[in-house]
Structures are given as C-alpha cells and as structure tokens.
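Everything below concerns the one structure shown next.
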C-alpha cells in the first residue's frame with residue numbers, strides 16, 4: 001500500500017521530490033525495490049509530523065507535504081491543490097485538506113476525523129466527534145461539516161518548531177497530532193479537496209480498498 005501511495009504522490013506536479021520516511025526495514029526495502037526514494041527514521045516518533053521533521057533536518061526545502069501511508073488513492077491534483085496556497089501566501093505556516101460530509105454514518109463515525117473552520121478559512125478544531133453538532137436536529141448533517149483528509153503541508157521553520165513542542169492535552173485525548181498546533185496558537189489553513197480519496201483506518205476500509213484495486 002505504501003508503494004501505491006508513493007506512486008500517486010510522485011504524479012503530482014508541484015513537489016519536486018517524494019521520499020518515503022519509515023522506521024520499518026520491510027517498507028524501506030519495498031519502496032527501494034519499486035524504484036522509490038526512501039529514508040530510515042527514528043522509531044521514537046509519536047506522529048507523522050515528527051517523522052517529517054527528521055527528514056527536514058536532512059533534506060532542506062521551503063515546503064514539505066506529509067502524505068500518510070493510509071491514503072493509497074490520494075489524487076495528485078489534491079497534493080498540488082494543497083501546495084498551491086503555501087506557494088501563493090507565505091504567511092501560511094501549515095495547511096491541510098478537507099471535503100464536505102453528506103453521509104450521516106460518516107458524520108458519526110469516530111474513525112472519520114472532522115474539522116470546523118472559521119471565516120478566514122483556518123481550522124477552529126479537529127475532532128473524532130460529530131462537529132459542529134446540530135442541536136436542533138441531531139439526525140441531520142450540517143452543511144458546515146467537513147471530513148478531514150490526513151495530508152498536511154508545512155513551511156520548514158514551522159515544521160522544525162512544531163516538532164520541538166511537547167504533545168498537548170487535546171492531542172493526547174483525541175489522538176490527533178494537528179491539535180498540537182492549535183493548542184499552541186498556530187493556525188492551520190483548510191484547503192478544499194479537489195478529488196477526495198478513501199483513507200484506510202479500519203479492516204472494512206482495507207477490504208473496500210482491495211475491491212477498488214481489483215476493479216482497476
């Protein structure tokens with residue numbers, strides 16, 4: 001699956017290098033065998049962002065994209081869409097992707113991370129709970145409900161600072177690394193996904209992914 005993620009990311013136009021950062025020998029070997037670029041990292045990292053920060057110490061760039069290994073169908077166009085605001089606006093230190101939620105089951109699913117954003121386009125909060133909660137009609141899905149897609153973009157200075165911050169209370173409770181940034185007063189720009197993709201967080205989603213690959 002990681003090789004598939006690497007291949008999808010390599011099709012994006014804006015990134016000029018795609019590296020698979022891992023602490024597993026088998027993943028490193030599989031990517032290398034497939035012709036990819038891989039880097040072994042520490043086993044002590046608590047999050048993907050911390051792992052990317054280690055790469056940033058070794059490979060200097062202006063902007064880093066973090067594509068997690070559970071996104072085998074990530075669209076190259078989404079990676080370009082995520083990187084573009086960072087290139088156009090140097091005040092943006094971190095950005096991520098989101099797409100509207102229309103399915104009630106998805107809205108209630110704790111494996112689906114939700115995000116709410118303010119008028120500026122920046123994230124207000126991320127949660128596994130259904131947010132914003134429709135008090136007057138608990139069975140509806142509010143139009144402001146967004147599914148977070150676990151892809152991030154960081155400016156280098158921010159990334160290195162972020163990795164030095166201790167895990168926050170909210171991050172530990174929700175098991176969402178992006179909350180560390182919000183807890184420490186940083187802003188995260190929410191970029192609309194142009195081609196939302198399936199994330200593999202459960203056995204059921206893995207089965208569905210295999211079915212989709214089989215059809216292709």
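Normalised by the number of residues in the range 62-215, the average gap of Cα pairs under 8 Å and 6 or more apart makes the relative contact order 35 percent.
With the largest listed first and rounded to whole Å, the semi-axes of the equivalent ellipsoid of the range 1-106 from the Cα gyration tensor are 23, 18, 15. If you run the Gaussian network model on the chain, springs between alpha carbon atoms under 10 Å, then out of 113, 169, 190 the most flexible one is 169.
Comparing 157, 184, 16 in a Gaussian network model of the chain, where Cα atoms under 10 Å apart are tied by springs, the biggest mean-square fluctuation is seen for 16. Comparing 61, 123, 145 in a Gaussian network model of the chain (Cα springs below 10 Å), the most mobile by mean-square fluctuation is 61. Taken over the chain, the alpha-carbon convex hull comes to 133 cubic angstrom per residue. Need one number: % antiparallel among DSSP beta bridges in the chain, to the nearest 5. If we restrict to bridges inside the chain, about 70 percent are antiparallel. Translational diffusion coefficient of the range 87-208 (Stokes-Einstein, Kirkwood radius from Cα pairs, 10 °C, 1.306 mPa s): 104 µm²/s. The residues 161, 62, when put in order of fewest to most other Cβ atoms within 10 Å, stand as 62, 161.
Give me 120, 47, 193 ranked fewest to most by other Cβ atoms within 10 Å of their Cβ, as a rough exposure proxy. Show your work: numbers first, answer last.
Details: 120 10, 47 18, 193 23.
In increasing order of surrounding Cβ atoms, one gets 120, 47, 193.
Computed from the coordinates by the stated procedures, all read-outs in this text should not be read as laboratory data. As the structure is a prediction and not an experimental result, all values here were calculated from the model. For neighbour counting, all protein chains shown are included, and Cβ atoms are generated from backbone atoms with ideal geometry for every residue, glycine included.
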